[in-house]
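Enquirer: Mind looking over this structure? Questions follow.
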Amino acid sequence: MGKKQHMVITAGPTREMLDPVRFLSNVSTGVMGYVLARQAERLGFRVTLVSGPTTLKPPDGVTFVPVVTAQEMKQALSEVWPTADILVMTAAVCDYTPVEYSKTKIKRIEQQTIRLRQTEDIVKWFGEQKGKRFVVGFALETENYMANAVRKLQEKNLDLIVLNWYGQGNNPFGTAQTSMILVDRSGAQKKLDRMTKGDAAKIILDEILKRCAKKD
Ligand code: C5P
(Lines give C-alpha, C1' and ligand atoms only; values in the text may rest on other atoms or scores of the structure.)
Protein backbone atom coordinates (compact mmCIF):
# COMPACT_ATOMS: atom_id res chain seq x y z
CA MET A 1 0.00 0.00 0.00
CA GLY A 2 1.30 3.48 -0.83
CA LYS A 3 1.83 6.21 1.72
CA LYS A 4 -1.40 7.68 3.10
CA GLN A 5 -2.26 11.15 1.85
CA HIS A 6 -2.28 13.73 4.64
CA MET A 7 -5.43 15.86 4.80
CA VAL A 8 -5.38 18.85 7.12
CA ILE A 9 -8.79 20.20 8.07
CA THR A 10 -9.57 23.30 10.10
CA ALA A 11 -12.87 23.73 11.92
CA GLY A 12 -14.86 25.90 14.28
CA PRO A 13 -14.55 29.55 15.13
CA THR A 14 -11.48 31.28 16.48
CA ARG A 15 -11.64 33.40 19.61
CA GLU A 16 -9.82 36.69 19.86
CA MET A 17 -9.30 37.55 23.50
CA LEU A 18 -10.00 41.05 24.81
CA ASP A 19 -9.06 40.24 28.39
CA PRO A 20 -8.69 37.00 30.38
CA VAL A 21 -12.44 36.29 30.32
CA ARG A 22 -13.83 38.01 27.22
CA PHE A 23 -13.45 37.44 23.52
CA LEU A 24 -14.68 38.22 20.01
CA SER A 25 -15.94 35.25 18.03
CA ASN A 26 -18.75 34.02 15.76
CA VAL A 27 -21.50 31.39 15.73
CA SER A 28 -19.62 28.64 13.88
CA THR A 29 -20.25 25.21 15.48
CA GLY A 30 -17.48 23.24 13.78
CA VAL A 31 -19.83 20.50 12.57
CA MET A 32 -18.77 20.66 8.90
CA GLY A 33 -15.05 20.28 9.66
CA TYR A 34 -15.55 17.45 12.15
CA VAL A 35 -17.80 15.53 9.76
CA LEU A 36 -15.28 15.99 6.96
CA ALA A 37 -12.48 14.78 9.25
CA ARG A 38 -14.44 11.63 10.17
CA GLN A 39 -15.25 10.81 6.54
CA ALA A 40 -11.70 11.49 5.36
CA GLU A 41 -10.31 9.17 8.03
CA ARG A 42 -12.75 6.45 6.91
CA LEU A 43 -11.59 6.93 3.33
CA GLY A 44 -8.03 6.11 4.42
CA PHE A 45 -6.49 9.55 4.76
CA ARG A 46 -4.12 10.49 7.53
CA VAL A 47 -6.11 13.38 9.03
CA THR A 48 -5.08 16.33 11.19
CA LEU A 49 -7.97 18.37 12.56
CA VAL A 50 -7.01 21.85 13.76
CA SER A 51 -9.98 23.24 15.62
CA GLY A 52 -11.05 26.37 17.42
CA PRO A 53 -13.25 25.93 20.52
CA THR A 54 -16.35 23.78 19.91
CA THR A 55 -18.50 21.38 21.96
CA LEU A 56 -17.75 18.48 19.59
CA LYS A 57 -15.78 15.31 20.21
CA PRO A 58 -12.88 14.83 17.79
CA PRO A 59 -13.37 11.74 15.60
CA ASP A 60 -11.36 8.62 16.46
CA GLY A 61 -8.21 8.06 14.45
CA VAL A 62 -7.69 11.76 13.72
CA THR A 63 -4.79 13.84 15.06
CA PHE A 64 -6.50 16.63 16.96
CA VAL A 65 -4.88 20.03 17.48
CA PRO A 66 -6.99 22.42 19.57
CA VAL A 67 -6.35 26.14 19.12
CA VAL A 68 -8.02 29.33 20.28
CA THR A 69 -6.91 32.33 18.23
CA ALA A 70 -6.34 32.92 14.50
CA GLN A 71 -2.63 33.28 15.21
CA GLU A 72 -2.55 29.91 16.98
CA MET A 73 -4.41 28.32 14.08
CA LYS A 74 -1.82 29.64 11.62
CA GLN A 75 1.01 28.42 13.86
CA ALA A 76 -0.53 24.94 14.17
CA LEU A 77 -0.98 24.76 10.39
CA SER A 78 2.62 25.86 9.78
CA GLU A 79 3.77 22.85 11.78
CA VAL A 80 1.83 20.29 9.72
CA TRP A 81 2.08 22.12 6.38
CA PRO A 82 5.36 20.48 5.25
CA THR A 83 3.69 17.03 5.20
CA ALA A 84 0.21 18.16 4.07
CA ASP A 85 -1.19 17.10 0.69
CA ILE A 86 -4.62 18.69 1.05
CA LEU A 87 -5.79 21.62 3.19
CA VAL A 88 -9.51 22.06 3.79
CA MET A 89 -10.23 25.31 5.56
CA THR A 90 -13.74 25.15 7.02
CA ALA A 91 -12.81 27.30 10.04
CA ALA A 92 -14.63 30.57 10.58
CA VAL A 93 -11.49 32.53 11.37
CA CYS A 94 -12.25 35.86 13.05
CA ASP A 95 -11.45 38.67 10.66
CA TYR A 96 -10.48 41.05 13.48
CA THR A 97 -8.57 40.83 16.71
CA PRO A 98 -8.20 43.49 19.42
CA VAL A 99 -5.18 45.81 19.06
CA GLU A 100 -4.69 45.72 22.81
CA TYR A 101 -5.10 42.81 25.16
CA SER A 102 -5.89 43.73 28.77
CA LYS A 103 -4.24 41.42 31.32
CA THR A 104 -6.94 42.33 33.81
CA LYS A 105 -10.69 42.37 33.30
CA ILE A 106 -11.74 45.51 31.43
CA LYS A 107 -13.77 47.74 33.74
CA ARG A 108 -17.36 48.60 33.00
CA ILE A 109 -17.59 52.24 31.99
CA GLU A 110 -20.33 54.15 30.21
CA GLN A 111 -18.83 53.88 26.76
CA GLN A 112 -16.01 51.73 25.57
CA THR A 113 -14.09 51.90 22.31
CA ILE A 114 -12.26 48.77 21.23
CA ARG A 115 -9.67 49.10 18.49
CA LEU A 116 -9.41 46.14 16.15
CA ARG A 117 -6.91 45.09 13.52
CA GLN A 118 -7.33 42.53 10.79
CA THR A 119 -6.15 39.01 11.44
CA GLU A 120 -3.96 37.41 8.82
CA ASP A 121 -5.83 35.64 6.02
CA ILE A 122 -4.58 32.15 6.84
CA VAL A 123 -5.79 30.20 3.83
CA LYS A 124 -4.50 32.94 1.51
CA TRP A 125 -1.05 32.66 3.07
CA PHE A 126 -0.94 28.91 2.51
CA GLY A 127 -2.75 29.14 -0.86
CA GLU A 128 -0.02 31.40 -2.21
CA GLN A 129 2.70 28.87 -1.42
CA LYS A 130 0.78 25.65 -1.97
CA GLY A 131 2.95 24.11 -4.70
CA LYS A 132 1.36 20.73 -5.52
CA ARG A 133 -0.99 20.79 -2.56
CA PHE A 134 -4.76 21.03 -3.06
CA VAL A 135 -6.35 23.86 -1.07
CA VAL A 136 -10.07 24.16 -0.37
CA GLY A 137 -11.80 27.18 1.19
CA PHE A 138 -15.31 27.78 2.44
CA ALA A 139 -17.27 30.99 1.92
CA LEU A 140 -20.26 31.89 4.01
CA GLU A 141 -22.16 34.69 2.30
CA THR A 142 -25.24 36.77 3.04
CA GLU A 143 -25.36 38.61 -0.33
CA ASN A 144 -23.84 38.39 -3.85
CA TYR A 145 -23.13 34.77 -3.02
CA MET A 146 -21.53 33.53 -6.17
CA ALA A 147 -19.57 36.67 -7.07
CA ASN A 148 -18.04 36.79 -3.60
CA ALA A 149 -17.15 33.11 -3.62
CA VAL A 150 -15.48 33.31 -7.02
CA ARG A 151 -13.49 36.37 -5.91
CA LYS A 152 -12.30 34.52 -2.79
CA LEU A 153 -11.36 31.45 -4.83
CA GLN A 154 -9.11 33.64 -6.99
CA GLU A 155 -7.73 35.99 -4.32
CA LYS A 156 -6.78 33.14 -1.99
CA ASN A 157 -5.43 30.94 -4.81
CA LEU A 158 -7.77 28.07 -3.88
CA ASP A 159 -8.44 24.97 -5.99
CA LEU A 160 -12.02 24.65 -4.82
CA ILE A 161 -14.42 26.77 -2.79
CA VAL A 162 -17.56 25.62 -1.02
CA LEU A 163 -20.16 28.37 -1.00
CA ASN A 164 -22.79 28.34 1.68
CA TRP A 165 -25.14 31.13 2.56
CA TYR A 166 -27.29 32.42 5.34
CA GLY A 167 -30.76 33.55 4.25
CA GLN A 168 -33.26 32.61 1.53
CA GLY A 169 -34.34 29.65 3.63
CA ASN A 170 -30.82 28.34 4.20
CA ASN A 171 -29.14 28.13 7.59
CA PRO A 172 -25.61 26.73 7.34
CA PHE A 173 -24.95 26.60 11.09
CA GLY A 174 -25.10 23.44 13.18
CA THR A 175 -26.60 20.10 12.21
CA ALA A 176 -29.58 21.23 10.11
CA GLN A 177 -29.80 20.20 6.46
CA THR A 178 -28.22 22.80 4.24
CA SER A 179 -27.50 23.66 0.61
CA MET A 180 -24.08 24.47 -0.80
CA ILE A 181 -22.46 25.11 -4.17
CA LEU A 182 -18.95 23.90 -5.05
CA VAL A 183 -16.97 26.06 -7.48
CA ASP A 184 -13.60 25.13 -8.94
CA ARG A 185 -10.92 27.09 -10.79
CA SER A 186 -12.39 26.31 -14.20
CA GLY A 187 -15.66 27.88 -13.02
CA ALA A 188 -17.44 24.50 -12.91
CA GLN A 189 -20.21 24.43 -10.33
CA LYS A 190 -21.89 21.61 -8.45
CA LYS A 191 -24.99 22.30 -6.40
CA LEU A 192 -25.64 20.28 -3.25
CA ASP A 193 -29.36 20.63 -2.55
CA ARG A 194 -30.57 20.48 1.07
CA MET A 195 -28.74 17.60 2.64
CA THR A 196 -27.05 16.64 5.89
CA LYS A 197 -23.47 17.73 6.37
CA GLY A 198 -22.51 14.03 6.41
CA ASP A 199 -23.86 13.59 2.89
CA ALA A 200 -22.33 16.91 1.81
CA ALA A 201 -18.95 15.84 3.22
CA LYS A 202 -18.98 12.66 1.11
CA ILE A 203 -19.61 14.64 -2.06
CA ILE A 204 -17.05 17.32 -1.18
CA LEU A 205 -14.38 14.66 -0.55
CA ASP A 206 -15.28 12.92 -3.80
CA GLU A 207 -14.91 16.18 -5.73
CA ILE A 208 -11.56 16.87 -4.03
CA LEU A 209 -10.28 13.39 -4.90
CA LYS A 210 -11.31 13.67 -8.56
CA ARG A 211 -9.43 16.94 -8.89
CA CYS A 212 -6.36 15.77 -6.96
CA ALA A 213 -6.04 12.82 -9.31
CA LYS A 214 -5.98 15.25 -12.26
CA LYS A 215 -3.39 17.51 -10.56
CA ASP A 216 -0.84 14.68 -10.05
O1 C5P B 1 -13.74 35.24 5.80
P2 C5P B 1 -13.80 34.77 4.38
O3 C5P B 1 -15.18 34.73 3.83
O4 C5P B 1 -12.80 35.43 3.49
O5 C5P B 1 -13.39 33.21 4.49
C6 C5P B 1 -13.25 32.41 3.35
C7 C5P B 1 -12.18 31.38 3.57
O8 C5P B 1 -11.00 31.99 4.09
C9 C5P B 1 -12.54 30.28 4.58
O10 C5P B 1 -12.03 29.06 4.08
C11 C5P B 1 -11.82 30.72 5.86
O12 C5P B 1 -11.45 29.60 6.63
C13 C5P B 1 -10.59 31.42 5.30
N14 C5P B 1 -10.07 32.51 6.17
C15 C5P B 1 -8.78 32.42 6.65
N16 C5P B 1 -8.27 33.43 7.44
C17 C5P B 1 -9.01 34.51 7.72
C18 C5P B 1 -10.34 34.61 7.24
C19 C5P B 1 -10.83 33.58 6.47
O20 C5P B 1 -8.11 31.43 6.38
N21 C5P B 1 -8.49 35.48 8.49
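The values are calculated or read from the model by the stated rules, or taken from the named source; none is laboratory data. What you see is a predicted model; the values in this text were computed from it and never measured. Don't worry about glycine lacking a Cβ; one is built from the backbone with ideal geometry, like all the others, and counts go over all protein chains shown. Calculation scope for accessible area: heavy atoms of the full protein, side chains included, ligands and nucleic acids excluded. Shrake-Rupley method; radii C 1.70, N 1.55, O 1.52, S 1.80 Å.
Enquirer: Using a 1.4 Å probe and counting only protein heavy atoms, arrange Lys4, Lys190 so the residue with the most accessible area comes first.
Expert: Values: Lys4 100, Lys190 80 Å².
Largest to smallest exposure gives the sequence Lys4, Lys190.
Enquirer: The range 104-148: which GluC sites (Glu not before Pro) are DSSP loop and have at most 16 other beta-carbon atoms within 10 angstrom?
Expert: On the way: sites: Glu110, Glu120, Glu128, Glu141, Glu143; in loops: Glu110, Glu120, Glu143.
Sparse-neighbourhood loop GluC sites (Glu not before Pro): Glu110, Glu120, Glu143.
Enquirer: Give me the percent of accessible area attributable to carbon and sulfur for the chain, probe 1.4 angstrom. List each step's numbers first, then the result.
Expert: Details: 5850 of 11780 Å².
Accessible surface attributable to carbon and sulfur in the chain totals 50 percent.
Enquirer: Still on this structure, please answer the following. Mean shadow of the range 6-215, computed from the convex hull of its alpha carbons, in nm²?
Expert: Details: hull surface 50.0 nm².
Convex hull of Cα atoms, orientation-averaged projection: 12.5 nm².
Enquirer: Whole-Hz Karplus ³J(HN,Hα) for the range 119-131, in order, using 6.51 cos²θ - 1.76 cosθ + 1.60 and θ = phi - 60°, x for Gly and Pro?
Expert: 7, 6, 7, 5, 5, 5, 4, 6, x, 6, 10, 7, x
Enquirer: Using each residue's phi in the range 40-48, evaluate 6.51 cos²θ - 1.76 cosθ + 1.60 at θ = phi - 60° and report the 3J(HN,Hα) Karplus result to the nearest Hz, with x for Gly and Pro.
Expert: Coupling constants for the range 40-48: 5, 5, 5, 6, x, 7, 7, 10, 10 Hz.
Enquirer: Let me ask another. Under the rule of -39500 (n - 2.57) per DSSP H run of 4 or more residues, summed and divided by the residues of the chain, what mean residue ellipticity at 222 nm is obtained, to the nearest 500 deg cm²/dmol? Intermediate values should be presented prior to the final figure.
Expert: On the way: 5 runs with 60 residues, N = 216.
Rounded to the nearest 500, it is -8500 deg cm²/dmol.
Enquirer: Now for a different question. Within the chain, which is the longest segment containing none of the chymotrypsin sites (Phe, Trp or Tyr not before Pro) that sit in a DSSP loop and have at most 15 other Cβ atoms within 10 Å? Walk me through the intermediate numbers first.
Expert: Working: sites that count: Tyr101, Tyr166.
Value returned for the longest uninterrupted segment is 1-100.
Enquirer: Rounded, prolate or oblate for the range 107-216? Axes are the square roots of the Cα gyration tensor eigenvalues, ordered a ≥ b ≥ c, and the cut-off for rounded is a/c under 1.5.
Expert: Working: a/c = 2.31, a/b = 1.38, b/c = 1.68.
Note, shape of the range 107-216 comes out oblate.
Enquirer: Taking only C-alpha pairs under 8 Å that are 6+ residues apart, what is the relative contact order of the chain in percent? Before the final figure, lay out the partial values.
Expert: Numbers: 435 pairs, mean separation 41.1, N = 216.
About 19 percent, as a whole number.
Enquirer: Rounded to the nearest 10 degrees, what's the angle between the helix 70-80 long axis and the longest principal axis of the chain, both from Cα atoms, 0 to 90?
Expert: Roughly 40 degrees, rounded to the nearest 10.
Enquirer: Give the relative contact order (percent, whole number) for the range 142-201; include only Cα pairs under 8 Å separated by 6+ residues. It would help to have the intermediate numbers written out before the result.
Expert: Numbers: 83 pairs, mean separation 15.9, N = 60.
Relative CO of the range 142-201 lands at 27 percent.
Enquirer: Also, I was wondering about something else. Where both residues lie in the chain, what percent of DSSP beta bridges are antiparallel, nearest 5?
Expert: Working: 16 of 41 bridges.
In the chain, approximately 40 percent of DSSP beta bridges are antiparallel ones.
Enquirer: Counting heavy atoms of the protein chains only and a 1.4 Å probe, report the per residue accessible area for the chain as a whole number of Å².
Expert: Ligands and nucleic acids excluded, the figure is 55 Å² per residue.
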